[in-house]
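The values are calculated or read from the model by the stated rules, or taken from the named source; none is laboratory data. Just so it is clear, the structure is predicted and the values come from calculations on it, not from any experiment. Reconstructed Cβ throughout: ideal geometry from the backbone, glycine too, with neighbour counts over all protein chains shown.
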Amino acid sequence: MRGILGGAVLLAVGFAVLLQAVGVADAGAYLFLFLGIAFALAYVAGTQQYVYLVPGATMIGFGLGLIVPTAFGLQEHASGVFLASLAIAFLVIYVLAPSRRIPLGVAAFIGIVALADTFTTIPVVPDGLKPYFVPIILIVTGSYLILEPRTH
């Protein structure tokens with residue numbers, strides 16, 4: 001399956017740019033979804049390497065978290081939907097690779113924040129820190145992939 005990731009990434013970027021060119025609303029959000037699908041294809045078509053599963057699920061969750069609120073008129077709950085989609089993505093990672101427990105903990109943490117954001121008025125993440133919450137999760141996830149022991 002040589003070259004599938006490179007080809008799939010180029011397709012993802014090409015389709016996302018094409019959507020933007022034809023005027024699709026929130027076309028940039030589709031880039032995340034398409035990149036996630038590219039990694040998921042590499043995961044499924046290859047040797048099911050964890051290093052493809054994690055970015056695949058994470059980017060699909062990220063993309064859907066941006067697309068779903070607009071597509072279904074849930075803008076007032078956009079941050080909760082976004083966080084819930086990321087939590088589900090990490091839960092999927094755990095389900096597909098249950099020997100690795102860190103994604104389950106991340107899913108639980110993000111899920112609790114999503115529920116609190118949606119159903120309470122308690123500011124779990126202070127407004128000043130909200131722009132940093134998701135980038136920090138992505139940076140920590142990428143670091144985890146780079147630094148994790150290669151025993152699995």
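Condition check for residue 106 on (1) surrounded by fewer than 19 Cβ atoms within 10 Å (Cβ to Cβ); (2) under 14 Å from residue 137 (Cβ atoms); (3) among the β-branched types (Val, Ile, Thr): one failure, at (1).
Of the numbered criteria (1) surrounded by 21 or more Cβ atoms within 10 Å (Cβ to Cβ); (2) closer than 20 Å to residue 97 by Cβ; (3) aliphatic (A, V, I, L, M), the one residue 12 fails is (2).
Do you know which residues across the stretch 120-132 are of a type outside the set (Asp, Glu), without any contact (Cβ under 8 Å) to a residue 24 or more places away in the chain and in a helix (DSSP H, G or I)? 128, 129, 131, 132 - these are the residues of the stretch 120-132 that are of a type outside the set (Asp, Glu), without any contact (Cβ under 8 Å) to a residue 24 or more places away in the chain and in a helix (DSSP H, G or I). Listed by first and then second residue, the pairs with beta-carbon distance under 6 Å, at least 6 apart or on different chains, first residue in the stretch 1-26 and modelled with pLDDT of 90 or more, second surrounded by 11 or more Cβ atoms within 10 Å (Cβ to Cβ) and aromatic (Phe, Trp, Tyr), are 12/34; 15/34; 16/30; 16/34; 19/30. Identify, please: which residue in the stretch 1-17 is in a helix (DSSP H, G or I) and of a type outside the set (A, V, I, L, M) and is, among those, nearest to residue 65 (Cα to Cα)? Top of the filtered list is 15.
For the stretch 45-61, does any single residue satisfy the condition of being under 20 Å from residue 116 (Cβ atoms) and crowded, with 17+ Cβ neighbours inside 10 Å? Yes: one or more hits.
Pairing each residue of the stretch 69-85 that is surrounded by fewer than 15 Cβ atoms within 10 Å (Cβ to Cβ) with any residue that is assigned to a helix (DSSP H, G or I) and not β-branched (Val, Ile, Thr), provided the two are 6+ apart or on different chains, yields C-beta distances under 7 Å for 75/69.
Residue-wise test of (1) closer than 18 Å to residue 33 by Cα; (2) in a helix (DSSP H, G or I); (3) aromatic (Phe, Trp, Tyr).
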| residue | (1), (2), (3) |
| --- | --- |
| 62 | yes, yes, yes |
| 70 | yes, yes, no |
| 73 | no, no, no |
| 78 | yes, yes, no |
| 106 | no, yes, no |
| 116 | no, yes, no |
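Selection of the stretch 18-37 for residues being of a type in the set (A, V, I, L, M, F, W, C) and either exposed (fewer than 14 other Cβ atoms within 10 Å of the Cβ) or outside any helix (DSSP H, G or I) (or both) yields 18, 21, 22, 24, 25. Residue-level check: of (1) modelled with pLDDT under 85; (2) of a type outside the set (Val, Ile, Thr); (3) more than 24 Å from residue 29 (Cα to Cα), residue 77 misses just (3).
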